[in-house]
Every structure is written in structure tokens, then in C-alpha cells.
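Q: Following this message is one structure expressed as C-alpha cells.
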Amino acid sequence: MKQVSNAARFISAYNLIDSSLRSIYGLKRSLNFSEVIRKTVLLNSVVRKYEDDLIDYGRLRNAIVHKGNSNFVIAEPHESVVKKMEGIAKLISTPPLAYDKISTREVICVNGDDLLSEAIKLMARSGYSNLPVYDKNVLIGVLNGQRLMDILGNHLLKGENVQKFIDKTSVGSIVKELGNEHYYCVVDEKISIEQVMNLFETNNKLLIVLISRNGSANYPPLGIITKDDVIQMQKVLDVY
């Protein structure tokens, strides 16, 4: 079997990155590689992480091929550079799915008409601090432990009876009081780890990502990813 040269491997990875980013984000063919990278920095966490490398590799690509003829190679890139370029190309073109790699824990949900006291007990038993809340099989919000503590703390500051409050208050009413404020979102099962990472990186209020069929709030959750999973997601990407 004929051995593929480092230059051929490098150019193949370069072309894969270029075509994948243009296809994913609908970029014009008239843009050069550096412009493609600059335009996708805010859209793709992998590009954001390797932005400087990709810009340098774009220049390297122009240096190792004869002007106007990509088949005429005038230099061979180092093996380490080729492997890094191929790794980036793999992450961008065929990224691992979050549902397969990260959202493996059981998703525990509550109903909107459940009492707050029962939801708090469920949090204590399960160790989960984020409970999706459903009303007639439709997601109406996520009960978050820290935000719940803020509400209970305010009642204590007012000298109110917290036990009485949690015994008579429904989870649904609390979720409405919490509001959305972009602290959770619902995505479909085909979302990649890179895309989830990008959601957390571009929205510092985001705490929970729920995965459901087709990304619909009308379907039960298939998986849940929290901000605490970011480190694990990065580890998966590092060895992918």
C-alpha cells in the first residue's frame, strides 16, 4: 500500500475543516480560510480553542503548496503538525454526540402540581439539584436548587414560616417565579459535545441543557447535562 505523505494528509485535513465549516454555517465560497475561521470563532468551541493554530495552519498550507496548484507540494509538514490538524478536522467534521457520551445519568422529573416539600426531599434523596418540571407532559421549567435556596432565604429574611410555605406551595408556581432567564434550554438528541460546550461558553447564565426527541419540550427528557459536566466534556474532546 502506498504511504500517504504528510503534505497530502495535512491538505486533506485542511480541506475537510474548510468544507465542514462552510457547510455547517452556510458561509460563502468567496471567503478565504482565515475569514472562515474568524467568522466561526464565536459559533464553534473547537474553532475558538484552536483559532491561532488554525490561522497559522492556513498560512502553512499556502506555504507548502505551489501557488495555483494544490497538487504540487514544495514542503512537507512535521508529523506532529499533521496529527494535530487531523485531530481538529475530526472534532469539527464528525464531533462526538453529547447524548452518547455525557448524558448517561437518569433524568428525574417532577410535576408542576407536586408540593415543593416533596421536590426538596427528592433532591435530597437523589443528590440532583436540577429537576425538570412538567405540566400535562409539557416542560414548563427546571427547578434549580441554588435558585430555590435564594427564594427560601428571602422568605426567612421576611420572618415567614418556611415549612408552611413549602408544604402548601406547588413546584409549578415556583418555576414561574424563577422565570427562564436563559438558565436552561432544550436540544435534540443529535447535538454534539462541541455544540453543548458552545452553549455554556456563550451563555454564562446557562445551568442545564435538556436533551429530548427533536429538541421539543413536548417530549420527555432523554438526558440532562449540567455546567458541572463541562470538565468531563472537555476530557472527551481531548481524547476523541
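Q: Are any residues in segment 177-219 over 24 Å from Tyr240 (Cβ atoms) and touching a helix residue (DSSP H, G or I) at 6+ places or on another chain (Cβ under 8 Å), and if so, which ones?
A: Answer for segment 177-219, where residues must be over 24 Å from Tyr240 (Cβ atoms) and touching a helix residue (DSSP H, G or I) at 6+ places or on another chain (Cβ under 8 Å): Glu177, Leu178, Tyr183, Val186, Leu207, Tyr219.
Q: With the condition being aromatic (Phe, Trp, Tyr) and within 18 Å of the chain's Cα centre (by Cα), I'd like the helices (runs of 4 or more DSSP H) fully within segment 126-240 carrying at least 1 qualifying residues.
A: 193-202
Q: Still on this structure: Considering every residue within segment 140-158, establish whether at least one is on the phi > 0 side of the Ramachandran plot and in contact (Cβ under 8 Å) with a residue 40 or more places away in the chain.
A: yes
Q: Just to be sure, is Val230 closer than 25 Å to Ile88 by Cα and surrounded by fewer than 18 Cβ atoms within 10 Å (Cβ to Cβ)?
A: yes
Q: Can you pull out every residue in segment 185-216 that is among the charged types (D, E, K, R) and within 12 Å of Val230 (Cα to Cα)?
A: Answer for segment 185-216, where residues must be among the charged types (D, E, K, R) and within 12 Å of Val230 (Cα to Cα): Glu194, Glu201.
Q: Right, something else. Of all residues being surrounded by 19 or more Cβ atoms within 10 Å (Cβ to Cβ) and not small (Gly, Ala, Ser) in segment 138-158, which is modelled with the lowest pLDDT? Just the residue, please.
A: So, considering only residues that are surrounded by 19 or more Cβ atoms within 10 Å (Cβ to Cβ) and not small (Gly, Ala, Ser), the one modelled with the lowest pLDDT is Arg147.
Q: Quickly run through segment 210-222 and pick out the residues that are out of contact with any Ser or Thr (no Cβ under 8 Å at 6 or more places or on another chain), surrounded by 15 or more Cβ atoms within 10 Å (Cβ to Cβ) and more than 14 Å from Glu106 (Cα to Cα).
A: Gly215, Ala217
Q: Further, regarding this structure: Considering only segment 198-209, state which residues are surrounded by 13 or more Cβ atoms within 10 Å (Cβ to Cβ) and of a type in the set (Val, Ile, Thr).
A: Selection gives Ile208, Val209.
Q: For segment 187-218, enumerate the residues that are out of contact with any Phe, Trp or Tyr (no Cβ under 8 Å at 6 or more places or on another chain) and within 30 Å of His155 (Cβ to Cβ).
A: Asn203, Asn204, Ala217
Q: Okay, moving on. Is it true that some residue in segment 75-83 is in a loop (DSSP other than H, G, I, E, B), out of contact with any strand residue (DSSP E or B) (no Cβ under 9 Å at 6 or more places or on another chain) and crowded, with 20+ Cβ neighbours inside 10 Å?
A: Yes, the conditions are met somewhere in segment 75-83.
Q: Within segment 1-12, identify whether any single residue is polar (S, T, N, Q) and in contact with a Lys or Arg (Cβ under 9 Å, 6 or more places away or on another chain), and answer yes or no.
A: There is no residue in segment 1-12 that is polar (S, T, N, Q) and in contact with a Lys or Arg (Cβ under 9 Å, 6 or more places away or on another chain).
Q: Which one of these is surrounded by 15 or more Cβ atoms within 10 Å (Cβ to Cβ) and either in a loop (DSSP other than H, G, I, E, B) or outside the structural domain of Phe10 (by TED's automatic domain parsing) (or both): Leu60, Leu27?
A: Being surrounded by 15 or more Cβ atoms within 10 Å (Cβ to Cβ) and either in a loop (DSSP other than H, G, I, E, B) or outside the structural domain of Phe10 (by TED's automatic domain parsing) (or both) holds for just one of Leu60, Leu27, which is Leu27.
Q: Let me ask another. It is to be established whether one or more residues within segment 12-21 are free of Cβ contacts under 8 Å to residues at least 60 places away in the same chain and among the hydrophobic types (A, V, I, L, M, F, W, C).
A: no
Q: Being touching a strand residue (DSSP E or B) at 6+ places or on another chain (Cβ under 8 Å) and of a type outside the set (Lys, Arg) is the requirement here; does Ser192 meet it?
A: It is true that Ser192 is touching a strand residue (DSSP E or B) at 6+ places or on another chain (Cβ under 8 Å) and of a type outside the set (Lys, Arg).
The values are calculated or read from the model by the stated rules, or taken from the named source; none is laboratory data. Owing to the predicted nature of the structure, the values given are computational and were not obtained by experimental measurement. Cβ coordinates were reconstructed from backbone atoms using ideal geometry, including for glycine residues, and neighbour counts include every protein chain displayed.
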